[in-house]
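Shown next, in structure tokens, is the structure this report addresses.
The values are calculated or read from the model by the stated rules, or taken from the named source; none is laboratory data. Owing to the predicted nature of the structure, the values given are computational and were not obtained by experimental measurement. With ideal geometry, Cβ positions are generated from the backbone for all residues, glycine too; neighbour counts draw on all protein chains shown. Heads up: the accessible areas ignore ligands, DNA and RNA and are worked out on the full protein's heavy atoms, side chains in. Shrake-Rupley method; radii C 1.70, N 1.55, O 1.52, S 1.80 Å.
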Amino acid sequence: METGGRARTGPPQPATPGLWRARPAGGGGGASSWLLDGNSWLLCYGFLYLALYAQVSQSKPCERTGSCFSGRCVNSTCLCDPGWVGDQCQHCQGRFKLTEPSGYLTDGPINYKYKTKCTWLIEGYPNAVLRLRFNHFATECSWDHMYVYDGDSIYAPLIAVLSGLIVPEIRGNETVPEVVTTSGYALLHFFSDAAYNLTGFNIFYSINSCPNNCSGHGKCTTSISVPSQVYCECDKYWKGEACDIPYCKANCGSPDHGYCDLTGEKLCVCNDSWQGPDCSLNVPSTESYWILPNVKPFSPSVGRASHKAVLHGKFMWVIGGYTFNYSSFQMVLNYNLESSIWNVGTLSRGPLQRYGHSLALYQENIFMYGGRIETNDGNVTDELWVFNIHSQSWSTKTPTVLGHGQQYAVEGHSAHIMELDSRDVVMIIIFGYSAIYGYTSSIQEYHICELLKNCNFFIDWECFSL
């Protein structure tokens with residue numbers, strides 16, 4: 001259109017070089033077409049060549065970069081085996097079934113992918129012992145997880161969840177754990193989110209094998225009583241299920257510091273002026289040291305996290321805690337320090353299972369406050385329970401909260417019982433996490449009773465903030 005809205009008339013004008021131009025319909029009645037001059041063809045070919053070159057440069061033909069990790073090379077392209085993806089089949093992303101008596105499973109040779117979902121089913125035979133050894137494991141802590149089930153489905157008992165970093169094992173630093181299933185099967189599921197990825201994992205599995213190959217200090221022997229099972233027959237001066245515990249380290253500094261007693265528990269017997277597991281510390285000594293008791297738990301239900309413990313006489317009382325399977329979980333355990341034996345009490349009633357609570361001992365009573373109750377809702381509670389050691393029974397208390405005070409439901413806090421100048425006995429609850437207020441700096445004070453008076457263990461509840 002011309003200025004003023006008039007239509008352009010006259011013969012068509014020649015096309016400007018290098019530009020597209022529509023050819024108007026002529027008297028021949030043909031449809032509109034596009035005209036392209038020589039310079040434009042050169043430009044078009046140039047762009048097309050650059051695009052193809054960029055695509056070829058970014059690709060990684062298997063002839064040039066080596067063989068495919070989990071696949072085969074066909075016409076310079078990796079054809080991945082089922083469950084593997086990537087231009088070199090270097091990332092797991094699917095399901096696998098392993099039926100060999102031993103082998104390895106991994107996410108791939110490099111960092112795992114974002115939003116990875118991989119599942120491995122290891123099939124042994126019923127009731128066989130299957131061991132998983134995590135030779136390398138590095139995932140984004142608390143976000144990327146490996147789940148291990150003792151069975152062939154997610155409905156089997158969950159026995160381990162791993163996330164973070166496992167330090168590679170070296171001599172004297174036996175930190176690589178073994179996860180053991182007893183059903184003859186194992187299901188492993190790995191999941192990663194979309195934010196961050198690490199080098200992943202390399203896991204060795206074996207069916208009906210000895211733990212840690214007896215640590216190089218024994219031989220794997222078939223059990224006489226159960227022919228389908230094996231055990232470690234340890235060399236001299238070594239003990240433990242995996243022959244990884246020396247009887248007497250450094251021979252107990254013999255003869256000056258002590259000697260190795262090969263009878264009984266096979267421990268170091270120190271001379272009067274020496275002490276410690278290897279008789280290397282003076283008496284008296286300013287150094288602290290650990291001793292590993294020769295204890296075998298009475299059942300797997302001993303394992304737990306975020307539990308609490310108090311000492312009363314020769315017993316350590318362990319209450320609550322988090323575990324994967326609560327079917328055989330015992331809320332209250334005690335450990336005899338003299339006999340090194342675990343015991344479980346038979347309780348008819350008591351509080352629900354919980355973790356992140358606090359314990360405080362006063363006379364024959366253990367006060368348990370707060371924590372996260374292990375229910376579908378996972379509520380943080382303000383319940384106060386008292387366990388009487390003599391009768392081994394629970395009772396619940398409902399404190400009277402003062403008008404100006406407030407009682408907080410918390411987990412991850414600490415509790416301490418102390419005597420005030422007024423001779424009142426109080427339990428102090430320090431800090432903790434509240435589902436409503438988040439991490440709190442409040443200190444709660446629970447008045448139990450006056451020390452020398454006969455009382456029913458509570459008067460009131462106060463709270464103040466720092």
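Provide a single number: the residues in the range 404-440 that are within 12 Å of residue 356 (Cβ to Cβ) and among the charged types (D, E, K, R).
Of the residues in that region, 1 qualify.
Which members of the range 129-162 meet the condition of being hydroxyl-bearing (Ser, Thr, Tyr) and touching a Gly at 6+ places or on another chain (Cβ under 9 Å)?
First, the residues of the range 129-162 that are hydroxyl-bearing (Ser, Thr, Tyr): 139, 142, 147, 149, 153, 155.
Those that are hydroxyl-bearing (Ser, Thr, Tyr) and touching a Gly at 6+ places or on another chain (Cβ under 9 Å): 139, 142.
Any chance you could count how many residues in the range 207-229 are open to solvent by less than 40 Å² (accessible area, probe 1.4 Å), modelled with pLDDT of 85 or more and closer than 26 Å to residue 99 by Cβ?
Matching residues across the range 207-229 total 6.
Quick one: which strands (runs of 3 or more DSSP E) sit completely within the range 223-274 and have at least 2 residues that are touching a Phe, Trp or Tyr at 6+ places or on another chain (Cβ under 8 Å)?
Values: elements: 230-234, 258-260, 268-270.
Result: 258-260, 268-270.
Go through (1) modelled with pLDDT under 90; (2) over 27 Å from residue 374 (Cα atoms); (3) open to solvent by 50 Å² or more (accessible area, probe 1.4 Å) one by one and return the number of the condition residue 295 breaks.
Exception for residue 295: condition (3).
Kindly list the number of the only condition in (1) part of a loop (DSSP other than H, G, I, E, B); (2) out of contact with any helix residue (DSSP H, G or I) (no Cβ under 9 Å at 6 or more places or on another chain); (3) closer than 30 Å to residue 212 by Cβ that fails for residue 309.
Of everything listed in (1) part of a loop (DSSP other than H, G, I, E, B); (2) out of contact with any helix residue (DSSP H, G or I) (no Cβ under 9 Å at 6 or more places or on another chain); (3) closer than 30 Å to residue 212 by Cβ, residue 309 misses just condition (1).
Give just the number: which of (1) closer than 22 Å to residue 196 by Cα; (2) open to solvent by less than 50 Å² (accessible area, probe 1.4 Å); (3) modelled with pLDDT under 95; (4) among the hydrophobic types (A, V, I, L, M, F, W, C) does residue 128 not satisfy?
The single condition residue 128 does not satisfy is (1).
Of all residues in the range 256-275 being open to solvent by 50 Å² or more (accessible area, probe 1.4 Å) and charged (D, E, K, R), which is nearest to residue 287 (Cα to Cα)?
In this case the residue turns out to be 272.
Residues are listed down the side, and each one gets a yes or a no for (1) of a type outside the set (A, V, I, L, M); (2) under 30 Å from residue 208 (Cβ atoms); (3) in a strand (DSSP E or B):
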site	(1), (2), (3)
97	yes, yes, yes
105	no, yes, yes
110	no, no, no
114	yes, no, no
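Being crowded, with 17+ Cβ neighbours inside 10 Å and on the phi < 0 side of the Ramachandran plot: is that true of residue 243 here? Give the derivation first.
On the way: crowded, with 17+ Cβ neighbours inside 10 Å: yes; on the phi < 0 side of the Ramachandran plot: no.
No: the conditions fail for residue 243.
Please go through (1) open to solvent by 40 Å² or more (accessible area, probe 1.4 Å); (2) without any contact (Cβ under 8 Å) to a residue 12 or more places away in the chain; (3) over 30 Å from residue 353 (Cα atoms) for residue 281 and return the number of the only condition it doesn't satisfy.
Going through (1) open to solvent by 40 Å² or more (accessible area, probe 1.4 Å); (2) without any contact (Cβ under 8 Å) to a residue 12 or more places away in the chain; (3) over 30 Å from residue 353 (Cα atoms) one by one, residue 281 breaks only (1).
Mind counting the residues in the range 94-125 that are under 19 Å from residue 201 (Cβ atoms) and either open to solvent by 80 Å² or more (accessible area, probe 1.4 Å) or over 21 Å from the mean Cα position of the chain (by Cα) (or both)? Lay out the reasoning, then the answer.
We begin by selecting, within the range 94-125, every residue under 19 Å from residue 201 (Cβ atoms); these are 94-98, 100, 102-122.
Now narrow it down to the ones that are either open to solvent by 80 Å² or more (accessible area, probe 1.4 Å) or over 21 Å from the mean Cα position of the chain (by Cα) (or both): 94-98, 100, 102-104, 109-110, 114-115, 117.
The total comes to 14.
Checking residue 286 against (1) of a type in the set (S, T, N, Q); (2) part of a loop (DSSP other than H, G, I, E, B); (3) open to solvent by less than 80 Å² (accessible area, probe 1.4 Å), which single condition isn't satisfied?
(3)
Please enumerate the residues belonging to the range 367-384 that are closer than 16 Å to residue 330 by Cβ and at pLDDT below 95. It would help to see each step written out before you state the result.
Step one: list which residues in the range 367-384 are closer than 16 Å to residue 330 by Cβ, which gives 368, 374.
If the condition is that a residue be closer than 16 Å to residue 330 by Cβ and at pLDDT below 95, then 374 is the only one that fits.
Considering only the range 208-225, state which residues are under 19 Å from residue 124 (Cα atoms) and of a type in the set (Val, Ile, Thr).
222 - this is the single residue of the range 208-225 that is under 19 Å from residue 124 (Cα atoms) and of a type in the set (Val, Ile, Thr).
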